[in-house]
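The values are calculated or read from the model by the stated rules, or taken from the named source; none is laboratory data. Bear in mind that the values here come from a model prediction, so they are computed numbers and not experimental data. FYI the Cβ positions are ideal-geometry reconstructions off the backbone, even for glycines, and counts take in every protein chain you see.
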Amino acid sequence: MTTRRTAVSAALLALLFPLATAGVSAASEPLSVAAASDAHRSAVELPLPTGRFAVGQETLHLVDHSRTDPWAHTGPRELMVTMRYPARSGTGGPVRYLTTEEARLLLIDRELDQAIPAETLAGTKTHSRSGARPVAGRYPLIVLSPGFTVPRATLTSLAEDLASRGYVVAAVDHAYESAATAFPGGRVLECLACAQVDGEDGVRAVTEVRARDVSFLLDRLTGRQSAWRHADLVDRSRIAMAGHSIGGASSLAAMAADPRIRAGIDMDGGLATPLPTGVGGRPFMLLGAQQNSPGALESWDRTWPRLDGWKRWITFAGSAHFTFTDFPAIADQLGLPDPDAPLPGARSVELTRRYVGAFFDQHLKGRAQPVLDGPAADAPEVRFHTP
């Protein structure tokens with residue numbers, strides 16, 4: 001994983017628009033920007049959730065007045081959080097994937113603004129309903145943290161599926177760490193951290209900031225005066241975290257700092273958090289792209305023996321860094337599959353949901369999941385590693 005903005009931008013650009021950036025075979029013709037623009041005007045829809053519940057959605061703006069923002073160096077630390085939860089079917093209203101301005105700035109950051117209309121990306125159809133009536137109960141809470149420079153919306157397919165299966169999910173945007181995040185008052189915060197983060201020390205700085213963000217979030221969701229009106233849905237004894245890229249690295253940092261987090265998943269993020277005494281026997285899963293098998297990513301090799309509880313190291317054949325996000329499913333529908341990640345977008349979402357969901361079902365709901373025990377005939381792409 002890299003945290004440099006240029007490298008991350010290049011990786012996402014290659015994923016969403018490979019024919020225009022990586023070249024094609026001699027038997028193919030390059031896709032023109034004009035043709036791509038026409039293709040990109042079609043509607044895009046995320047895969048349907050697989051659980052039995054409809055999905056409700058609400059957005060929280062949280063302000064930590066005890067901290068000065070580490071990237072702006074002024075003002076309090078702020079978070080935007082999308083809460084998703086089991087809801088009653090037929091209630092609530094539609095939601096947007098991104099605001100048009102968030103989509104516009106994200107596409108500019110990826111040099112895709114001339115090829116993909118912002119409204120196409122912003123209007124990606126999701127399956128959550130704003131303000132939907134919750135289904136009464138007590139559900140485990142899962143915090144999701146996105147990759148560096150990309151917004152929390154990129155984990156929507158996973159978040160919706162978990163909520164449909166009986167979880168409360170809090171997807172977090174960490175201020176000044178994405179290309180664009182809309183905040184109240186018409187503000188759209190861009191990535192100030194991008195110019196301040198470099199190397200493993202920079203990764204550690206971001207993960208430590210995010211660990212504090214998550215502890216603050218848990219305080220605000222589970223404290224005596226919760227910031228969320230449906231806080232009674234949360235089972236405070238069953239909390240976990242997962243993230244993509246640096247968000248996955250932050251899952252381990254947050255677990256090391258906060259004993260309330262019972263389990264964690266790192267989806268293809270390099271690890272910078274030292275673990276001299278492990279994580280107290282709590283379960284942790286490394287879920288990586290094809291290239292991140294043992295011996296390929298030093299930080300995973302270094303960290304693996306220090307994980308002192310239940311653990312798994314799993315990779316997907318044909319996958320790449322953004323396989324675990326919504327991007328492959330979106331790219332496929334736009335006619336822009338990544339030749340370097342031949343795993344189809346729908347299958348990427350399916351496998352990510354299957355293994356992340358199984359992990360949380362086993363460790364938060366106490367339901368044994370044989371799919372986590374080793375290779376399965378119906379998932380030949382999945383590799384289990386035992387360094």
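Laid out as a table, the results:
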read-out	value
Unique match (being crowded, with 19+ Cβ neighbours inside 10 Å, aliphatic (A, V, I, L, M) and either part of a helix (DSSP H, G or I) or free of Cβ contacts under 8 Å to residues at least 40 places away in the same chain (or both)) among 197, 169, 214	214
Residues being at pLDDT 95 or above and touching a Gly at 6+ places or on another chain (Cβ under 9 Å) - total across region 200-232	4
Selected residue (criterion: nearest to residue 244 (Cα to Cα)) from residues of region 323-351 that are in contact with a strand residue (DSSP E or B) (Cβ under 8 Å, 6 or more places away or on another chain) and in a helix (DSSP H, G or I)	324
Set 275, 334: member being in contact with a Lys or Arg (Cβ under 8 Å, 6 or more places away or on another chain), modelled with pLDDT under 95 and either under 27 Å from residue 213 (Cβ atoms) or aliphatic (A, V, I, L, M) (or both)	275
Condition check for residue 332: under 22 Å from the mean Cα position of the chain (by Cα), closer than 22 Å to residue 125 by Cα and crowded, with 22+ Cβ neighbours inside 10 Å	no
Pairs with Cβ under 8 Å, 6+ apart, first in region 107-129 and closer than 24 Å to residue 48 by Cβ and touching a residue at least 24 places away in the same chain (Cβ under 8 Å), second surrounded by fewer than 22 Cβ atoms within 10 Å (Cβ to Cβ) and of a type in the set (Asp, Glu)	124/45; 125/45
Residue within region 179-186 that is in a strand (DSSP E or B), at pLDDT 95 or above, within 14 Å of the chain's Cα centre (by Cα) and crowded, with 23+ Cβ neighbours inside 10 Å present	no
Any hit, region 253-276, residues being more than 22 Å from residue 161 (Cβ to Cβ) and acidic (Asp, Glu)	yes
Unique residue being assigned to a loop (DSSP other than H, G, I, E, B), crowded, with 24+ Cβ neighbours inside 10 Å and under 17 Å from the mean Cα position of the chain (by Cα) when the list is 269, 248, 264	269
